[in-house]
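Trainee: Sending over a structure as structure tokens; questions will come in a sec.
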Amino acid sequence: MKTKPGLVLTLFALSSAVLIVFTYFVTSGQETQAAAGTAEVYMLPGTHTTSYYYINFPGTSLVRSIRNYDINGNFLGYVVSAAPTGFIGEIYIMTAFDPSGNIRGLEIVRHTETAGMGAVIEEDWFKEQFVGRSVLLTGVHGASAPHEIDMAAMATVSIEAVLRGVNEAMVYLGFADGANLPAPSDAVSSATPETDDDTSATPETDDDTSATPETDDDTSATPENSG
């Protein structure tokens, strides 16, 4: 019995499509992990070694906490990753804190927000606002107070998502009281703060794999509104 050439081509095309899709999802996750791994080091200069602690608090966007140490074992601070939901999808962020709770840096590792609108979160002027802050932050237009971050038109949802992730990290580490955080962030108020003298703890296992950032090829979303 002869196999029809058309059937062979169809099967080959389907197999290729499945392989492409599988490869995309695998490498997408690898790219995010590689980017995050680099940020964990340069966000706290002098980092030589790190220890990882996976966070599993339902109702929050927190993913994991990383403790950074220099070559002599001195504690440099924390880098906390979170994946709050923005206007289109999850926004994978990393916030660095010194041992006193001051923000040393904010990185937007991956997002799918709308270009020219929510994507403003990856711009330097926005991220630099967080450096040096040590209190729970609120987004406002024309920010001037220590707890205020300047909002941008047509990016309200995206910016509020980033603020949620940063504030949840601050509360988790014990640098702020989470009683005033809006839902679902108030779920972290009962979390036990990490301390820098416990280096023997075994990282928790994270059963929730939904925090993996979304891929950035979704351009079909409706533009954000400023309300």
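Since every read-out is calculated from the coordinates, none of them should be taken as a lab result. Since this is a predicted model, take the numbers as computed values, not measurements. Here the Cβ is made from the backbone with ideal geometry for all residues, glycine too, and neighbour counts use every protein chain on show.
Trainee: What net charge do the residues around Gly46 carry, taking every other residue with its C-beta under 12 Å from that of Gly46, with Lys and Arg at +1 and Asp and Glu at -1?
Mentor: Value of the local net charge: -1.
Trainee: To continue, here is another question. Please report Thr85, Thr47 as a ranked list, fewest other C-beta atoms within 10 angstrom at the top and most at the bottom.
Mentor: Thr85, Thr47
Trainee: Using amide H atoms built in the peptide plane, which far-off residues or other-chain residues are under 5 Å from Leu76 H to H?
Mentor: HN-HN under 5 Å from Leu76: Asn68, Tyr69, Asp70.
Trainee: Tell me, what HN-Hα J-couplings in whole Hz come from the Karplus equation 6.51 cos²θ - 1.76 cosθ + 1.60 at θ = phi - 60° for each residue of the stretch 89-103, using x for Gly and Pro?
Mentor: Residue by residue, the stretch 89-103 yields x, 5, 10, 8, 10, 9, 10, 9, 10, 7, x, 8, x, 7, 6 Hz.
Trainee: OK, next. What is the packing order of peptides 101-111, 118-128, taking the mean over residues of other C-beta atoms within 10 Å and listing the highest first?
Mentor: Going from most to least packed, we get 101-111, 118-128.
Trainee: Separate question: Note the full-extension length gain between Tyr42 and Phe75 as 0.36 nm times their separation in residues minus their Cα-Cα distance, in nm to one decimal.
Mentor: Taking Tyr42 through Phe75 to full extension adds about 10.4 nm, to one decimal.
Trainee: What does the extension gain come out to for Asp177 and Val135, with contour length at 0.36 nm per residue minus their alpha carbon separation?
Mentor: This chain segment gains 14.2 nm when fully extended.
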